[in-house]
Amino acid sequence: MARVRLSVAERRVELLRAAIEQIEARGVAAVRIADVAAALGVSNALVLYHFSTKEKLVAAAFTHAAQDDLAHLRKLLGRRTSALRRLRAAVRWYAPTGQAKGWRLWIEGWAVALREPALREVTRDLDKEWKAALVEVIAEGVAADEFVCADPVGTALRLTALMDGLAVQLTSYPGSVPRSRAQEWVDEALARELGLDREALAGR
């Protein structure tokens, strides 16, 4: 069956998505240009035409994944509802027990970023944008008297640190923490940071 002819932009996106899947499955160190090509049934030369080296492909793949995650975050926070509902939806999606995909990818990215400046920049920028978005919606909730939070920046840092840490436990050591317990901890932390009890958080 003949392959559909794609535009340059469409082909790049297809290659980036395949690269993300291969990185999640094999890890950055083990993944090869040939793995990405084989997953799509294309030649190595085609992959190298769009991304001249494996390093450039990997950096572009993480950038693509980051933009996808940020686009979904903006969608959640852009809903026409209370700040608390938007914040709760974003936190529950981001948490490793939620619907967010790719925790294995980001854990791999954090590890490689220790040695690769290009990936460090991607992961750092994603982290900054996530925290800034949470700080903004927390400040909105405080201004609307929906909850109390004296330090939105600190709250965003503590919440994301908790969720990132739980993601490592749940992804790297399956069974170490029950998913239901991890979700309880996230909900309790969010309620505590906003001066609410957990029942009030769930009911709003």
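Computed values, structure above
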quantity	calculated
Single residue of region 22-52 satisfying the filter (within 22 Å of Arg115 (Cα to Cα) and not hydrophobic (A, V, I, L, M, F, W, C)) that is surrounded by the fewest Cβ atoms within 10 Å (Cβ to Cβ)	Ser52
Any pair with Cβ under 8 angstrom, 6 or more apart, that starts in region 9-31 at a residue that is more than 14 Å from Val47 (Cβ to Cβ) and touching a residue at least 12 places away in the same chain (Cβ under 8 Å) and ends at one that is open to solvent by 60 Å² or more (accessible area, probe 1.4 Å) and in a helix (DSSP H, G or I)	Glu24/Arg104
Candidates Glu55, Glu10 - the one that is modelled with pLDDT under 90 and either under 15 Å from Glu108 (Cβ atoms) or crowded, with 18+ Cβ neighbours inside 10 Å (or both)	Glu55
The listed residue being at negative phi, touching a Lys or Arg at 6+ places or on another chain (Cβ under 9 Å) and not charged (D, E, K, R), out of Leu134, Leu166, Leu170	Leu170
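This table checks each residue for (1) buried (at least 18 other Cβ atoms within 10 Å of the Cβ); (2) part of a helix (DSSP H, G or I); (3) among the aliphatic types (A, V, I, L, M); (4) in contact (Cβ under 8 Å) with a residue 60 or more places away in the chain.
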position: Trp110; (1), (2), (3), (4): no, yes, no, no
position: Ala118; (1), (2), (3), (4): no, yes, yes, yes
position: Val122; (1), (2), (3), (4): yes, yes, yes, yes
position: Trp130; (1), (2), (3), (4): yes, yes, no, yes
position: Ala150; (1), (2), (3), (4): no, no, yes, no
position: Thr160; (1), (2), (3), (4): no, yes, no, yes
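The values are calculated or read from the model by the stated rules, or taken from the named source; none is laboratory data. Quantities reported herein were computed from a predicted structural model and do not represent experimental measurements. All Cβ positions, even for glycine, are placed from backbone atoms using ideal geometry, and neighbour counts span all protein chains on display. For the accessible areas, the whole protein counts, side chains as well, though only heavy atoms, and no ligand, DNA or RNA atoms are used. Shrake-Rupley method; radii C 1.70, N 1.55, O 1.52, S 1.80 Å.
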